[in-house]
1. Out of all the residues in region 131-142, which are surrounded by 23 or more Cβ atoms within 10 Å (Cβ to Cβ) and either assigned to a loop (DSSP other than H, G, I, E, B) or of a type in the set (Val, Ile, Thr) (or both)?
2. Just to be sure, is LEU54 at pLDDT 95 or above and not in a loop (DSSP other than H, G, I, E, B)?
3. Quick one: what pairs do we get from region 207-218, first residue within 12 Å of SER167 (Cα to Cα), second hydroxyl-bearing (Ser, Thr, Tyr), C-beta under 9 Å, 6+ apart or different chains?
4. Would you confirm whether or not region 274-284 contains a residue that is at pLDDT below 95 and of a type in the set (D, E, K, R)?
5. Show me the helices (runs of 4 or more DSSP H) found entirely inside region 226-335 where at least 3 residues are touching a His at 6+ places or on another chain (Cβ under 8 Å).
6. Would you mind finding the one in GLY199, GLY211, GLY203, GLY250 that is modelled with pLDDT of 95 or more and within 16 Å of the ligand (Cβ to nearest atom)?
7. Determine the pairs where a residue that is at negative phi, located within region 92-104, has a partner that is assigned to a helix (DSSP H, G or I) with Cβ atoms under 7 Å apart, the partner being 6 or more residues away or on another chain.
8. Can you pull out the residues in region 182-196 that are within 16 Å of the ligand (Cβ to nearest atom) and surrounded by 19 or more Cβ atoms within 10 Å (Cβ to Cβ)?
Amino acid sequence: MSGRNMKNQGPTMGGAVFWLAGCLLAGLATGCRRNLPHSILDPAGPQAAQIERLWWEMFTVYGMVFIMTLALLAWALLARPRERSALGPRFVVAAGIVIPTVILVIMLIMDLRASRAISTDRADMQVQVIGHGWWFEVRYPEHGLVDANEIHVPAGSMVRFELSSASMLHSFWIPRLGGKRDQLPDHPNELRLEASHPGVYHGVCTEYCAGQHARMAFRLVAHSRADFEAWLAARQQPPAEPADGKLRRGREAYLNGGCASCHSIQGVSEGDIGPDLTHVGSRLTLGAGQFDNSPGGLAGWIANPQALKPGNRMPPSYLTPDELHAIVHYLWSLK
Ligand code: CUA
């Protein structure tokens, strides 16, 4: 290698150091901000608080290792060859084997402590979540309720989630409430989480499941105890009979337009391919956490779901504008 090329290595390595430091700062500026719905650094439950604490412990220890490594790298780049060799093999053994081993043992202890603090046998409520391509079916076995892409729980209660999949591998994650857990087609997993306060918490599929993986999300709504009891009582009522002619036309159009062969509405249809629509009008989002629910959003989704979420299993509809309007009016009434 020519002397000129060797000289060029200095700026290149220095550039790499600045690039790494820049990435770290960018990560701090974006990933750590609070009030973001997917930030693990804004915990909303006891499990998430343990994970946040472990994160900060790891950040502190590994941040110090990173800074010391950069300092040594800078020294190695700037020192004269005679000064570099002065450190000798003892330094390599200490800094390359002994210190990393001690650090890793300390981190293992912190990790085990956090795992122990998170684990619990308590379960105040059961919720089954079944992954589909690409949405979440939600069942409340103790109450006989079925829903989709939305989970309702009382705040302050430990919820035992039974997680499985009816399609490919998915993974269930509510970043502000705790850790992730895989949803497997052939083996149910469980995860226990608690939301400390009422609120709406974002959940996502966090295992690549092809197609619309990035658009597979849900919401967990934590209610106060009284609000949850009211929600439960309302959900246990069958949907009301259509009160006027327009709603009845909407129900007819729903039954005749092909919707009923894939979707279920209690007492109306029993399709089991798409999400249950018994209370679709009260849902917060459409398309598995993708769009705010509204009559306009429902109409757009029904008219051409493939334009909004390509590859999902719902085909475009061939309804007349009147039929589409009537179906949306009917579905929106299902609160
Ligand atoms: Cu389901 Cu990724």
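The values are calculated or read from the model by the stated rules, or taken from the named source; none is laboratory data. Worth saying up front: this structure is predicted, and the values here are computed from it rather than measured. Don't worry about glycine lacking a Cβ; one is built from the backbone with ideal geometry, like all the others, and counts go over all protein chains shown.
1. Selection gives TRP134 alone.
2. Details: at pLDDT 95 or above: yes; not in a loop (DSSP other than H, G, I, E, B): yes.
For LEU54, the condition - at pLDDT 95 or above and not in a loop (DSSP other than H, G, I, E, B) - is met.
3. Cβ pairs passing all conditions: CYS209/SER165; CYS209/SER167; CYS209/SER171.
4. no
5. Numbers: elements: 245-256, 295-303, 305-308, 321-332.
The helices (runs of 4 or more DSSP H) meeting that bar are 245-256.
6. Details: GLY199 fails: within 16 Å of the ligand (Cβ to nearest atom); GLY211 fails: modelled with pLDDT of 95 or more; GLY250 fails: within 16 Å of the ligand (Cβ to nearest atom).
Only one candidate qualifies: GLY203.
7. Pairs found: ILE103/VAL61; ILE103/VAL65.
8. Listed by number, the residues that qualify are GLN183, LEU191.
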